[in-house]
């Protein structure tokens, strides 16, 4: 990419998209194209084609999508599969049709079988059953990987797909109905700390600032509101046993890998897709303890064993991306501290 290349970032307001825009700008790229969903609904084929015909982006970073944790995946199954397939289909087809030089498709590690051997290699795709709690999202992401591959093979497109592990960082989603485990824990421990301090003014500000995904009457006693969320002055209730292992990647490291690939490699050199992660994992209950220490909450952690754990372990093999010359830079403690600082400021 040249510094003046026309670069379209789809999903620029999300966790990954916003980080892509920031890093491109910091690297001196000056011609970045963005559209909010109110301006361009990626589910509408004609609107997407009209946009591509007018703007003619040379490079596309596809980071748009409907995302969420176990609760959201189980609640909005049809939306997760429809929205994610239709948005990707429209963008990938239009990028090819209107001459984009390269497209990077952001996938997800949930594409892999629930009981895949660990660490998970790229070739384990479609070798077993998926985790039921995120199957709609996973199927959509698998379909998009294959779409990119077949556009490359049939039409000579240059679409790269990357499969990141669990992401976190500034501008993450902190809605407790739809967010993933790490931002949920940051927010819950923060609210638990405020409750323990009886800092009700800050609790009300927090509940007003970040939606919680369901209707709450803020005139009620804050203790009652937070108890509905598994938060009390004495303990925080953790979803599930806490025994599953998860790998987490700071979003800036993912973006660094994405730009690294787009600047240096073509689809034929990458293959169907490449895993992006840290190569290290942690038990959810150990993650909770780490966040508890960073937030400085001195209550207890309890477990709601009526809630599902999801996939028992999910650690990516990142040999391919490391062989190309990339490796992660941010350790988990530092990444969580930065994310918590962003949360406090925003």
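Of note:
- The single condition from (1) over 13 Å from residue 248 (Cα atoms); (2) surrounded by 16 or more Cβ atoms within 10 Å (Cβ to Cβ); (3) touching a helix residue (DSSP H, G or I) at 6+ places or on another chain (Cβ under 7 Å) that residue 303 fails is (3).
- Of the residues making up the range 329-346, those that are in a loop (DSSP other than H, G, I, E, B) and in contact with a helix residue (DSSP H, G or I) (Cβ under 7 Å, 6 or more places away or on another chain) are 329, 330.
- Identification of helices (runs of 4 or more DSSP H) wholly contained in the range 68-156 with 3 or more residues that are buried (at least 16 other Cβ atoms within 10 Å of the Cβ) and at pLDDT 95 or above yields 77-97, 135-155.
- Looking across the range 305-328, just one residue is modelled with pLDDT under 95, assigned to a loop (DSSP other than H, G, I, E, B) and touching a strand residue (DSSP E or B) at 6+ places or on another chain (Cβ under 6 Å), and that is 307.
- Breaking point among (1) part of a helix (DSSP H, G or I); (2) touching a residue at least 12 places away in the same chain (Cβ under 8 Å), for residue 5: (1)
- Only one of the numbered conditions (1) crowded, with 16+ Cβ neighbours inside 10 Å; (2) in contact with a strand residue (DSSP E or B) (Cβ under 6 Å, 6 or more places away or on another chain) is violated by residue 55, and that is (1).
- Residue list for the range 23-52, restricted to those being closer than 21 Å to residue 252 by Cα, assigned to a helix (DSSP H, G or I) and free of Cβ contacts under 8 Å to residues at least 60 places away in the same chain: 25, 26
- Residue that is farthest from the chain's Cα centre (by Cα) [pool: residues in the range 161-190 that are buried (at least 23 other Cβ atoms within 10 Å of the Cβ) and farther than 30 Å from residue 206 by Cβ]: 161
- Selected residue (only one of 48, 67, 60 is in contact with a strand residue (DSSP E or B) (Cβ under 9 Å, 6 or more places away or on another chain) and at negative phi): 60
- Looking across 220, 224, one residue alone is surrounded by fewer than 17 Cβ atoms within 10 Å (Cβ to Cβ), modelled with pLDDT under 95 and not in a helix (DSSP H, G or I). It is 220.
- Among (1) over 15 Å from residue 187 (Cα atoms); (2) under 24 Å from the mean Cα position of the chain (by Cα); (3) touching a residue at least 40 places away in the same chain (Cβ under 8 Å); (4) surrounded by 15 or more Cβ atoms within 10 Å (Cβ to Cβ), the one test that residue 281 misses: (3)
The values are calculated or read from the model by the stated rules, or taken from the named source; none is laboratory data. Keep in mind it's a predicted model, so treat the numbers as computed, not measured. With ideal geometry, Cβ positions are generated from the backbone for all residues, glycine too; neighbour counts draw on all protein chains shown.
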